[in-house]
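Colleague: Sharing a structure below in structure tokens format, with a few things to ask.
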Amino acid sequence: MKELPTLAFLPFLALTNVFVKTCAAPPVRPVLTGPGMAYLGSTALFSCAAPGASSPLTYDLTLDGVVTRTSRRAERPASFALRVTERSGGSYRCLATGGGGAGASDSVRLTVVTPPSNTRVTSEPSPPVVYEGARVTLSCVVTRGSHLSYTWLFNRSEITSPSSSFNLQGNTLEIAQAAPEQAGLYSCMAWSRIGDVSRFSSSSEILVTVKVYVSKPRISFSVFKEGDGYRGNVTCWSRRGSPPLNFSLSVDDKEVGSVTAAERPAAWFSVAVVPGLDMGDARCQVSTDVQELTSDSVTLEVVPVGGAAKVEVEHLYRADSKLAAIILTCGVSRGTFPYVSWLYNDSVLPAEAHAEPLFQPVLPQYVLADRGRALVLAAPGPRESGYYSCRVRDSYDEAGPWVESPAALVHVTDVHISSLEVITMAFCCFLLLMLAVGVACVYAMLHHRHALTPCHCLRPAGSTRLQNGTCRIRTRWWRCHCDINHFIFL
């Protein structure tokens, strides 16, 4: 009967023993390591370990609380290789159990990065054809891709940073005020990087065209002989403007022709002319899709060469007063299209100077300017001395009569006087002039003073009086001299 109370406590003692063993087991604290980012389609490797665990453990890998992988009971850390899909992104944890204990690791968030693909450039406006000063926006667009960076290329050179010309923001490139020098080929590259691994996708090139506004057209004309008659070649042109440009010619407000310039901002028209007659007022018009401009008028009148010709000579000097150049200009009384030919000592000068030493006769070194109307002796010397004249005829009639000018003499010596020598000579001449003027003034003052000074003559012994009270001065020695004849003696 005494053993019954002892048997009653046996279940309680067993539970107490289990509780004590459980409480005495060390806690399990697993550590999960793995990538924070991974490319879609790649393999992400996670590793789970429980430092200090003495007995084999079972590891479970969870994604957002759902077990995705389980390892067998092992003493070593567990590794999990995951094929990354679009659903692989999220928060991962490792659960470790065994040895009467269990624990969970901190979370590791995995981000799935989609590599770029099918990259292309879009533009606003489309197509990217604008006039200077307009805004152009280019966008780098991909079909798929995440966590992307963008690189822009202009004429296959990288645009490294924003500037006054380009504004980079996200996947866009903005040209605030397009200029002609910004026209060209643009492309972009979308890319992403995880560690040392990069994935990129490049677009094809897109051509950006920046048109230049056309300037006010100008008009000019020339004349040429055609058979027995004459034709006028009228030129319409602008200093700037992007083709195509539509040019038209009007004479007395009547259109006589039109043409589209596809390569350069210029056009040519042929009209009939008669020398000596006024053929009317001509104007050029140029138009684009946004502009329409008209030139000033020009009178289609061809005045034949006539009247008198004359040569004017101008000498140019350097700072040291040495002769630098001589310019001879040929002028004629009238003539719309004069052709000028120069003569040196009655010999015709060719259109280009010859430098051959054996060329006969010896010609001066010269340059023709202003369509041959000016003859420039750039390095004048004794060789350039001589008689120069010009003759003029109509440029459109090679058989026409000449109008010849009188000869003008050009004389050049080797004597050169510097500016310092000129100043010295002028100063010496000035001193000599001042000295001469000073001597003349002194002489005049002294002569005038002696002429006005009264002369006091003493009466000779025995004289009674001065007859006329005057005496004369011996100016040579500046002494008074009294004439004895002026005194009366007793």
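Colleague: Would you be able to tell me the number of residues in segment 104-123 that are outside any loop (DSSP other than H, G, I, E, B) and open to solvent by less than 30 Å² (accessible area, probe 1.4 Å)?
Modeller: Of the residues in that region, 6 qualify.
Colleague: Does THR16 fit the bill of being open to solvent by 80 Å² or more (accessible area, probe 1.4 Å), assigned to a helix (DSSP H, G or I) and modelled with pLDDT under 75?
Modeller: Considered against the rule, which asks whether it is open to solvent by 80 Å² or more (accessible area, probe 1.4 Å), assigned to a helix (DSSP H, G or I) and modelled with pLDDT under 75, THR16 comes out as no.
Colleague: Look through ALA50, ALA102, ALA78 and report the one residue that is closer than 28 Å to ILE194 by Cβ and modelled with pLDDT under 95.
Modeller: ALA78 is the lone residue from the list that is closer than 28 Å to ILE194 by Cβ and modelled with pLDDT under 95.
Colleague: Taking the residues in segment 274-303 that are in contact (Cβ under 8 Å) with a residue 40 or more places away in the chain and exposed (fewer than 15 other Cβ atoms within 10 Å of the Cβ) as candidates, determine which candidate is farthest from GLY232 (Cα to Cα).
Modeller: In this case the residue turns out to be VAL290.
Colleague: Please determine whether any residue of segment 192-201 is surrounded by 15 or more Cβ atoms within 10 Å (Cβ to Cβ) and over 30 Å from PRO115 (Cβ atoms).
Modeller: no
Colleague: State all residues of segment 247-266 that are surrounded by fewer than 18 Cβ atoms within 10 Å (Cβ to Cβ) and under 12 Å from GLN285 (Cβ atoms); if no residue qualifies, say none.
Modeller: Of everything in segment 247-266, those that are surrounded by fewer than 18 Cβ atoms within 10 Å (Cβ to Cβ) and under 12 Å from GLN285 (Cβ atoms) turn out to be ASP253, GLU255, VAL256, GLY257, SER258, VAL259.
Colleague: Restricting attention to segment 369-411, which residues are closer than 12 Å to VAL313 by Cα and not in a strand (DSSP E or B)?
Modeller: The answer is ALA407, HIS411.
Colleague: Where residues in segment 390-430 are hydroxyl-bearing (Ser, Thr, Tyr) and under 46 Å from the mean Cα position of the chain (by Cα), which of them is modelled with the lowest pLDDT?
Modeller: Per the stated criteria, the residue is SER418.
Colleague: On the basis of being among the aromatic types (Phe, Trp, Tyr), more than 29 Å from the chain's Cα centre (by Cα) and crowded, with 18+ Cβ neighbours inside 10 Å, does PHE221 make the cut?
Modeller: So PHE221 passes the test.
Colleague: From the set of residues in segment 375-389 that are of a type in the set (A, V, I, L, M) and open to solvent by 10 Å² or more (accessible area, probe 1.4 Å), which is modelled with the lowest pLDDT?
Modeller: In this case the residue turns out to be ALA379.
Colleague: Same structure, new question: Sort through ALA53, ALA96, ALA81 and tell me the only one that's hydrophobic (A, V, I, L, M, F, W, C) and not in a strand (DSSP E or B).
Modeller: Just one listed residue meets the conditions, ALA53.
Colleague: Something else now. Among the residues of segment 41-78, write down those that are of a type in the set (D, E, K, R) and open to solvent by 60 Å² or more (accessible area, probe 1.4 Å).
Modeller: Residues satisfying the conditions are ASP64, ARG69, ARG72, ARG73, GLU75, ARG76.
Colleague: Looking only at residues that are of a type in the set (D, E, K, R) and free of Cβ contacts under 8 Å to residues at least 12 places away in the same chain in segment 225-246, which one is surrounded by the most Cβ atoms within 10 Å (Cβ to Cβ)?
Modeller: Among those that are of a type in the set (D, E, K, R) and free of Cβ contacts under 8 Å to residues at least 12 places away in the same chain, it is GLU226.
Colleague: Test each condition in (1) surrounded by fewer than 17 Cβ atoms within 10 Å (Cβ to Cβ); (2) in contact (Cβ under 8 Å) with a residue 12 or more places away in the chain for GLY101 and report the one that comes out false.
Modeller: Checking GLY101 against (1) surrounded by fewer than 17 Cβ atoms within 10 Å (Cβ to Cβ); (2) in contact (Cβ under 8 Å) with a residue 12 or more places away in the chain, the one that fails is (1).
Colleague: Something else now. Being part of a strand (DSSP E or B) and at positive phi is true for just one of GLY276, GLY280, GLY241. Which residue is that?
Modeller: Result of the check over GLY276, GLY280, GLY241: GLY280.
Colleague: Shifting gears a bit: Restricting the search to segment 124-135, which residues are of a type outside the set (D, E, K, R), surrounded by 12 or more Cβ atoms within 10 Å (Cβ to Cβ) and not in a strand (DSSP E or B)?
Modeller: If the condition is that a residue be of a type outside the set (D, E, K, R), surrounded by 12 or more Cβ atoms within 10 Å (Cβ to Cβ) and not in a strand (DSSP E or B), then PRO128, ALA134 are the ones that fit.
The values are calculated or read from the model by the stated rules, or taken from the named source; none is laboratory data. Since the structure is predicted, the reported quantities are computational estimates derived from the model, not experimental observations. Here Cβ is always computed from backbone atoms with ideal geometry, including for glycine, and neighbour counts include all displayed protein chains. Heads up: the accessible areas ignore ligands, DNA and RNA and are worked out on the full protein's heavy atoms, side chains in. Shrake-Rupley method; radii C 1.70, N 1.55, O 1.52, S 1.80 Å.
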